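One structure below.
The values are calculated or read from the model by the stated rules, or taken from the named source; none is laboratory data. Every value quoted in this text rests on a predicted model; they were computed, and no experiment measured them. Reconstructed Cβ throughout: ideal geometry from the backbone, glycine too, with neighbour counts over all protein chains shown. Remember, those area values only see protein heavy atoms, side chains included, never the ligands or the DNA or RNA. Shrake-Rupley method; radii C 1.70, N 1.55, O 1.52, S 1.80 Å.
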2 protein chains.
Amino acid sequence: MTIEDQIQTAPLPLSRKLSINLLYTANWANDILAEALKPHDLSLQQFNVLRILRGQKGKPANLSTINDRMVTKMSNTTRLVDKLIKKEFVVREVCPSNRRKVEILITAKGLESLQKMDEAVATAEDKITAQLNSNELEHLNNLLNTLRTETNN
Amino acid sequence: MTIEDQIQTAPLPLSRKLSINLLYTANWANDILAEALKPHDLSLQQFNVLRILRGQKGKPANLSTINDRMVTKMSNTTRLVDKLIKKEFVVREVCPSNRRKVEILITAKGLESLQKMDEAVATAEDKITAQLNSNELEHLNNLLNTLRTETNN
DNA sequence: CCTATACATTTGTATATACAACAATTGTAA
DNA sequence: TTACAATTGTTGTATATACAAATGTATAGG
């Protein structure tokens, strides 16, 4: 279904059509991922933080590191981490070598829970991409990367 | 820049890479649009509601109509409209023929303000799509539409 | 040593949104 | 006509997020 049909609007200039389609489609994908995580009582953003911490392989991460690696920007990783602490999925300590920083570590419980969610999320990701073959997915990936290319002006 | 470089992660399966890239890129586009609207003190969602109401060409819209046409889903168009009323960009009345419904109309002030924002938003949309030519944009559009195609299973 | 500045994070305030509970109105059917 | 269900919106609670101000810590220059 075209995006014009989807949101019932008159024909749009291409740049507008693409902008709307991009946001609309991402929202659609977001819903599928959120749905997959719902039984685990974790938001997509909380899941992302956990996944980043697992990627650290035991090395603690400080807030700005997590922030840099988030898919969506956060002025507020502090409060996300607060919620993960309440669930006992991560621990937070003051960095001994530089007490301005904090060190955040995923716990055994966090790793365990993450493992249980992996399958659900992978299924959701497959669902999102199911309608395209590998070549098309690569192409789509490249087009998205190009879109974000910075101009030097 | 590839999405793996962007968020500093190990190589990912294609379905995950695309899912992340889609959310990341939409977020990037969202920021550009929000930035363009910032001088006008209007959020992207408020702008979208106004644009939908203008599309009604004088015909009032009720809440569920607006909801259907929103790019991002809303459990909460009520409160968005509240904010637009406070800015005197729209008015809300009870529908006389069916008093469960409400009728929402854009005001002259709303139309006027919208017109001023049009240029800023069009510029933002051009910026979002600047790195691709028409053919590529059409292709990207089609790939996004295909992605959202429902399966009948 | 003292102070200005930079750094890393936290907190307050506002917006957007999901979900569930609630309320009012209308339609239907015994 | 009364009971019940469906429709349409509103409201309460929780999460995510942007932005700005505040907090606490480190560092560099005088």
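Below are the figures for this structure:
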read-out: Helix-derived mean residue ellipticity, 222 nm - over chain A, DSSP H n ≥ 4, -39500 (n - 2.57), to 500; value: -19500 deg cm²/dmol
read-out: Reduction of at least 30 Å² in accessible surface, 1.4 Å probe, comparing all protein chains with the chain by itself, residues of segment B:109-140; value: B:Glu125, B:Ile128, B:Thr129, B:Gln131, B:Leu132, B:Leu137, B:Glu138, B:His139, B:Leu140
read-out: Euclidean distance of C-alpha centroids, segment B:97-153 and segment A:54-107, integer Å; value: 36 Å
read-out: At 7 Å out from Cα toward Cβ: A:Ile85 inter-copy label distances (nm, ascending); value: 4.1
read-out: Interface B:A - total buried accessible surface [probe 1.4 Å, Å², rounded to 100]; value: 5600 Å²
read-out: Accessible-area composition of segment A:17-121, carbon plus sulfur, in percent [1.4 Å probe]; value: 50 percent
read-out: Stretch in chain B that is longest and holds no GluC sites (Glu not before Pro) that DSSP places in a loop and that have at most 15 other beta carbons within 10 Å; value: B:1-87
read-out: Cβ-vector label at 7 Å, B:Leu105, separations to other copies in nm; value: 6.5
read-out: On Cα atoms only, tilt of B:108-129 relative to the major axis of chain B in degrees; value: 10 degrees
read-out: Relative contact order of chain B, defined on C-alpha pairs under 8 angstrom at six or more residues apart (%); value: 21 percent
read-out: Position B:Pro11, label points 7 Å along Cα→Cβ, spacing to each other copy in nm (shortest first, one decimal); value: 4.4
read-out: Nearest 10 degrees, 0 to 90: helix A:77-86 Cα axis against chain A principal axis; value: 60 degrees
read-out: Spin-label model distance (nm) - B:Arg148 vs A:Ser97, 7 Å beyond Cα toward Cβ; value: 4.8 nm
read-out: Chain A, rotation onto B, residue closest to that axis via Cβ, with its distance in Å; value: A:Ala26, 2
read-out: Helix axis angle, B:14-37 relative to chain B longest principal axis, alpha carbon, degrees; value: 40 degrees
read-out: Partners for A:Lys83 among lysines (Cα-Cα distance below 27 Å; same-chain residues under 8 apart left out); value: A:Lys38, A:Lys57, A:Lys59, A:Lys73, A:Lys101, A:Lys109, A:Lys116, B:Lys17, B:Lys73
read-out: Distance (nanometres) between label positions extended 7 Å along Cα→Cβ at A:Thr2 and A:His40; value: 3.9 nm
